[in-house]
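What follows is one structure encoded as structure tokens, with my remarks underneath.
The values are calculated or read from the model by the stated rules, or taken from the named source; none is laboratory data. Small disclaimer: the values here were computed from a predicted structure and weren't measured. Please note: Cβ atoms are built from the backbone with ideal geometry, for glycine as well, and neighbour counts cover all protein chains shown. These accessible areas exclude ligands, DNA and RNA; they are computed on the full protein's heavy atoms, side chains included. Shrake-Rupley method; radii C 1.70, N 1.55, O 1.52, S 1.80 Å.
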Amino acid sequence: QVQLVESGGGSVQTGGSLRLSCATSTSTDSLNIMGWYRRAPGNQREMVALISNMGSTTYADSVKGRFTIFVDNVKNTVDLQMNSLKSEDTAVYYCYAFLTGTHWGQGTQVTVSS
């Protein structure tokens, strides 16, 4: 079964940057879709960014132009580069993958303070 482990979360000031990384237990080229979701305080879980095995991407409107998702097929990770962070980005971020069913990481906290 696919295992996903996130890293890179932490606390940062408004306008700062963080890079999240999700390590997979299998080769990333075997996963049809990978991405990131988040759950902010008082809000439902929402999609942040997705990437397919063909390289197509989709982003939430709130992060377009600030976040970039990419896959490293050598290290077998899916990363999320987050720039120009806002307080509204504060949330627990979860790695997601699809391969004969959905898989989730344990989550990593991102806190943005002004």
Original post:
Which residues make up the longest stretch of the chain that has no trypsin sites (Lys or Arg not before Pro) in a DSSP loop with at most 15 other Cβ atoms within 10 Å?
Top reply: 1-44
Original post:
In nm², what is the average projected area of the convex hull enclosing the Cα atoms of the chain?
Top reply: 6.6
Original post:
With +1 on each Lys and Arg Cβ and -1 on each Asp and Glu Cβ, how big is the dipole of the chain about its Cα centre, in debye rounded to the nearest 20?
Top reply: 140
Subject >> 1.4 Å probe accessible area per residue over the chain, in Å² >> reply: 53
Original post:
Roughly how many Å is it from the Cα centre of the range 81-114 to that of the range 1-65, as a whole number?
Top reply: 5
